[in-house]
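Have a look at the structure below before the remarks.
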Amino acid sequence: MRIRTALAALALTASATVHAQALSAPKIAVVRSADVVRDSAQFKSAETKMKAEFEKRKNDLEAQAKAFGTDVENYKRDADTLSPDQRAKKEKDLNARQVDIQFAQRKFQEDLQNRDRELTQDMMGKIKNVIVAISKEKGITLVVQDPVYADDSVDITAEVLKRLNAGGK
């Protein structure tokens with residue numbers, strides 16, 4: 001009888017230990033950030049805004065480059081009829097314009113990259129806040145970003161996207 005009682009107590013202890021370990025096991029979720037960024041209404045809106053913001057500058061640069069190309073062609077055609085002084089002045093002018101256009105193009109690219117970086121950082125901050133809120137609500141202890149493989153049961157991407165599109169609430 002003592003053996004049965006001891007075995008029963010041992011079985012209960014083992015069962016309680018397994019149950020306690022299951023309760024304290026970390027809860028893991030995954031999120032596919034590229035999908036969230038690509039499919040979020042906020043990112044699409046920011047991308048449209050950025051495109052509009054830089055479209056005029058892009059068109060102006062393209063027009064300047066086209067006009068410069070036309071002027072170079074005209075110079076090549078007319079160079080033989082110009083005096084040496086006129087030719088030197090025209091070459092100097094064309095070289096200066098070329099430098100100015102190249103500088104403007106570099107500046108445009110830098111501004112575009114900086115703006116893109118700002119929008120991406122802002123977007124990633126919002127995504128992080130939504131992930132943290134969902135994790136706290138669901139008791140998730142670890143969120144893995146962009147795993148190679150994850151079962152759909154631990155993927156919170158759709159929920160993050162839904163909440164982000166709803167305003168992050």
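Taking every residue in segment 144-169 that is on the phi > 0 side of the Ramachandran plot and surrounded by fewer than 14 Cβ atoms within 10 Å (Cβ to Cβ) and pairing it with any residue that is in a loop (DSSP other than H, G, I, E, B) and not aliphatic (A, V, I, L, M), at least 6 positions away or on another chain, the pairs with Cβ-Cβ distances below 8 Å are Asp146/Arg32.
Of all residues being small (Gly, Ala, Ser) and farther than 17 Å from Lys27 by Cα in segment 116-164, which is nearest to the chain's Cα centre (by Cα)? Just the residue, please. Give the derivation first.
Of the residues in segment 116-164, the ones small (Gly, Ala, Ser) are 125, 133, 135, 139, 150, 153, 158.
So of that shortlist, the ones also farther than 17 Å from Lys27 by Cα come out as 125, 158.
Numbers: Gly125: 11, Ala158: 18 Å.
Top of the filtered list is Gly125.
For segment 38-90, a residue qualifies if it is in a helix (DSSP H, G or I), of a type outside the set (Asp, Glu), touching a residue at least 12 places away in the same chain (Cβ under 8 Å) and within 30 Å of Asn165 (Cβ to Cβ), and the qualifying residues are Ala41, Gln42, Phe43, Ala46, Met50, Phe54, Lys58.
For segment 72-112, the tally of residues that are basic (Lys, Arg), modelled with pLDDT of 95 or more and either surrounded by 14 or more Cβ atoms within 10 Å (Cβ to Cβ) or within 22 Å of Asp60 (Cα to Cα) (or both) stands at 3.
Select from segment 147-169 the residues that are touching a strand residue (DSSP E or B) at 6+ places or on another chain (Cβ under 8 Å) and assigned to a loop (DSSP other than H, G, I, E, B) and write down the one among them that is nearest to Lys44 (Cα to Cα). Step by step, filter segment 147-169, then rank; the result is Ile156.
Among the residues of segment 127-143, just one is surrounded by 14 or more Cβ atoms within 10 Å (Cβ to Cβ) and either at pLDDT below 90 or among the polar types (S, T, N, Q) (or both), namely Ser135. Would a scan of segment 43-54 turn up a residue that is of a type outside the set (D, E, K, R), surrounded by 12 or more Cβ atoms within 10 Å (Cβ to Cβ) and at pLDDT 90 or above? Yes, there is a match, as at least one residue in segment 43-54 is of a type outside the set (D, E, K, R), surrounded by 12 or more Cβ atoms within 10 Å (Cβ to Cβ) and at pLDDT 90 or above.
The values are calculated or read from the model by the stated rules, or taken from the named source; none is laboratory data. Computed from a prediction, not measured in an experiment: that's the story for all the values here. All Cβ positions, even for glycine, are placed from backbone atoms using ideal geometry, and neighbour counts span all protein chains on display.
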